[in-house]
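K.L.:
Structure incoming, see below.
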Amino acid sequence: MPHTSRLEISKSAYRRNIKFLQNQLGAETIISSVVKGNAYGHGIENIIPIAEAVGIRHFSTFSTDEAQRVFASSQKNSTIMIMGMIENKDLEWAIKNDIEFFVFEFDRLLASIKTAKRLKKKAKIHIEVETGFHRTGFEWKEKEILAEMLVKNQEFLERSGFCTHYAGAESIANYVRVQNQIKRYHEFKNWFNNKDIKFKSHHTACSAASLSYPETIMDMVRIGIVQYGFWPSQETYMSKFKQLAVNRKNPLKRLITWKSKIMSLKKVEMGDFIGYGNSYMAPRDMLVAMVPVGYGHGFSRMLSNLGKVLIQGKMVSVVGTVTMNSISVDVTDLKEIKKGDEVVIIGKQKSNEITVASFSESTHQVNYELLTRLPQDIPRKIVY
């Protein structure tokens, strides 16, 4: 069924991004591809085969429903890890299918042991410890009880990982806090080592930490936004800038392009208001194109009278209020414009480009938010 817009996902861009990451991380470090938030808006079912084609064999999700989608999409028996929400009733599915999952509280640990006993199969768990994020993780004061339970129930538990999460590694403002977290993680790690409680892997780094704090690169890193071609922040990019080749100052390539087409054209006389209310009065006789994309599709209402799109390779402005299903753009100065002409909302057209970063700045959204707000029903097409 036709849709009002489409997203194109580039395989070659993904391959390039993973190659850059592998060069940064070293051959021994496992890259876990984070595909939460519908693979940051790119579509889980699209990203899994693209990632597996370049050798990725480990995927991280936030929740069980995402893990089930990865499980259904994987053709290479890749490892799947749930970092957040899994209800106790879903532990049976996870354990039966060798799905790994974070354990950061005693309720989940007890439920995992109970389910593993019943199934006569080990639960593959990653113990998350609290180092200063104050969201999830076992507290320092809980370590003795935790250790006792891990040893007592080792026939039911495979200790797949020992992990934590940093509180804002993408910003220098959090430097002291992150350094304290790194220190606390190693205190936890050393304490368990001294108790001879071993784990198969240690992992703490997200995209930003991997690039800005190389000491956090351990057995595995959990890479989200960077694999899709975006720097976690401008600060992260600048921290790597001097290390990048002179002729390749941005080694990351965006996967996603968002396209639509002109739905209709209308002449507007000078002094008339365009769209709802009176936010935009035509300063001259104008030709306005309607594009069937609005805030219902992820094109923020904050882009009213601010947003830009590309038509005929030229940047044109959104005029009037962004509505649920459409925007109006000023095409007065374009030649031979017609219904059906391609509109690029994010991406490149001829020599001009609208990046996600520039798009985000206009709405005060971060890359992460904008990408994950793209509706799942927008068709995603894989391109080279």
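K.L.:
Quick one: if you take sqrt(5λ) for each eigenvalue of the C-alpha gyration tensor of segment 300-341, what semi-axes come out, biggest first, whole angstrom?
P.N.:
They are 19, 11, 8 Å, listed from largest to smallest.
K.L.:
Segment 100-190: Rg/Rh from Cα coordinates, Kirkwood Rh?
P.N.:
So for segment 100-190, dividing Rg by the Kirkwood Rh gives 1.04.
K.L.:
How large is ³J(HN,Hα) for each residue in segment 164-169, as worked out from phi by the Karplus curve 6.51 cos²θ - 1.76 cosθ + 1.60 (θ = phi - 60°), to whole Hz, x for Gly and Pro?
P.N.:
8, 9, 8, 8, x, 5
K.L.:
Please compute the per residue accessible area over segment 1-115 with all protein chains in place, 1.4 Å probe, rounded to a whole number of Å².
P.N.:
On the way: 4900 Å² over 115 residues.
For segment 1-115, the per-residue accessible area is 43 Å².
K.L.:
Just going by the charge dipole of the chain, with Lys and Arg at +1 and Asp and Glu at -1 on Cβ, which of Tyr368, Pro283, Gly137 is farthest out on the positive end?
P.N.:
Final value for the positive-end residue is Tyr368.
K.L.:
May I pose another question? Could you work out what % of the accessible surface of segment 24-130 is carbon and sulfur, using a 1.4 angstrom probe and leaving DNA, RNA and ligands out of the count?
P.N.:
49
K.L.:
Same structure, new question: Kirkwood Rh over alpha-carbon pairs of segment 107-260, then Stokes-Einstein at 37 °C and 0.692 mPa s: what D in µm² s⁻¹, rounded to an integer?
P.N.:
This corresponds to a translational diffusion coefficient of 188 µm²/s.
K.L.:
Would you be so kind as to identify which of Gly37, Ala94, Leu25 lies farthest towards the positive end of the dipole of segment 1-120, taking Lys and Arg as +1 and Asp and Glu as -1 on Cβ and the Cα centre as origin?
P.N.:
Of Gly37, Ala94, Leu25, it is Leu25.
K.L.:
Along the Cα→Cβ direction, 7 angstrom out, place labels at Arg248 and Asp98. What is the inter-label distance in nm?
P.N.:
With each label placed 7 Å out from Cα toward Cβ, I get 3.4 nm.
K.L.:
Another question about this same structure. I'd like the FRET efficiency for Ala53 and Lys267, computed as 1/(1 + (r/R0)^6) with the beta carbon distance as r and R0 of 45 Å, rounded to 0.05.
P.N.:
0.35
K.L.:
Follow-up. Can you pull out the trypsin sites (Lys or Arg not before Pro) in segment 257-297 whose DSSP state is coil and whose Cβ has at most 16 other Cβ atoms within 10 Å?
P.N.:
Here the sparse-neighbourhood loop sites are Arg284.
K.L.:
Which far-off residues, 5 or more places away or on another chain, put their amide H under 5 Å from the one on Ala205, with H placed in the peptide plane?
P.N.:
Met218, Arg222
K.L.:
Say the dipole of segment 87-217 comes from +1 at the beta carbon of Lys and Arg and -1 at that of Asp and Glu; which of Ala116, His186, Tyr175 then lies farthest toward its positive end?
P.N.:
About the Cα centre, the residue reaching furthest to the positive side is Ala116.
K.L.:
For the chain, with only Lys/Arg (+1) and Asp/Glu (-1) charged at the beta-carbon, what is the dipole magnitude about the Cα centre, in debye rounded to 20? Please report the intermediate quantities before stating the final value.
P.N.:
Values: 54 positive and 39 negative charges, 197 e Å.
For the chain, the charge dipole is close to 940 debye.
K.L.:
Which GluC sites (Glu not before Pro) in segment 152-218 sit in a loop by DSSP (not H, G, I, E or B) and have at most 16 other Cβ atoms within 10 Å of their own Cβ?
P.N.:
Hits after loop and neighbour filter: Glu155.
K.L.:
Between His186 and Glu235, what is the label-point separation in nm under the 7 Å Cα-to-beta-carbon projection?
P.N.:
2.2
K.L.:
All other residues with a Cβ under 15 Å from the Cβ of Ala27 taken together, and with Lys, Arg as +1 and Asp, Glu as -1, what is their net charge?
P.N.:
Value of the local net charge: 0.
K.L.:
Which percent of the accessible heavy-atom area of segment 274-337 goes to carbon and sulfur, probe 1.4 angstrom?
P.N.:
53
K.L.:
Follow-up. Where a ≥ b ≥ c are the square roots of the eigenvalues of the C-alpha gyration tensor, would you call segment 53-166 rounded, which needs a/c under 1.5, or, failing that, prolate if a/b is larger than b/c, or oblate?
P.N.:
It comes out oblate by the Cα gyration axes.
K.L.:
Restricting to Cα pairs below 8 Å that are 6+ residues apart, what does the relative contact order work out to for the chain? Please round to a whole percent.
P.N.:
That works out to 18 percent.
K.L.:
Follow-up question, since we're still on this one. What are the residues whose amide H is under 5 Å from the amide H of Val322, where those residues sit 5 or more places off or on another chain and H is modelled from the backbone?
P.N.:
Result for Val322 returns Ser304, Asn305.
K.L.:
Considering the values (1) 145; (2) 219; (3) 162, which represents volume of the Cα convex hull per residue in Å³ as calculated for the structure under consideration?
P.N.:
Recomputing volume of the Cα convex hull per residue in Å³ here gives the entry labelled (3).
K.L.:
In the chain, which whole DSSP H runs stretch at least 18 Å along their own axis (Cα) and average -1.0 or higher on the Kyte-Doolittle scale?
P.N.:
Length and hydropathy pass: 106-119.
K.L.:
What dipole magnitude, in Debye to the nearest 20, does segment 1-101 give about its Cα centre under +1 on Lys/Arg Cβ and -1 on Asp/Glu Cβ?
P.N.:
Computed charge dipole of segment 1-101: roughly 480 debye.
K.L.:
Can you work out ³J(HN,Hα) from phi for every residue in segment 374-384, in order, using Karplus 6.51 cos²θ - 1.76 cosθ + 1.60 and θ = phi - 60°, giving whole Hz and x for Gly and Pro?
P.N.:
5, x, 5, 7, 5, x, 10, 10, 7, 10, 6
K.L.:
Another question about this same structure. Got a sec? Which residues in segment 195-218 would a label at Gln179 touch, if it sits 7 Å along Cα→Cβ and we count backbone N under 15 Å?
P.N.:
The answer is 213-216.
K.L.:
Any idea what the dipole of segment 189-316 comes to, in debye rounded to 20, about its Cα centre with Lys/Arg Cβ at +1 and Asp/Glu Cβ at -1?
P.N.:
Approximately 400 debye in magnitude.
K.L.:
To the nearest µm²/s, what D does Stokes-Einstein give for segment 248-380 at 10 °C and 1.306 mPa s, using the Kirkwood radius over alpha carbon pairs as Rh?
P.N.:
On the way: Rh = 15.3 Å.
Value of D from the Cα-based Kirkwood radius: 104 µm²/s.
K.L.:
How far apart, in nm, are the 7 Å Cα→Cβ label points at Lys195 and Glu142?
P.N.:
That separation, rounded to one decimal, is 1.3 nm.
The values are calculated or read from the model by the stated rules, or taken from the named source; none is laboratory data. Model, not experiment: these values are computed from the prediction. For neighbour counting, all protein chains shown are included, and Cβ atoms are generated from backbone atoms with ideal geometry for every residue, glycine included. Heavy atoms of the whole protein, side chains included, go into the accessibility calculation; ligands, DNA and RNA do not. Shrake-Rupley method; radii C 1.70, N 1.55, O 1.52, S 1.80 Å.
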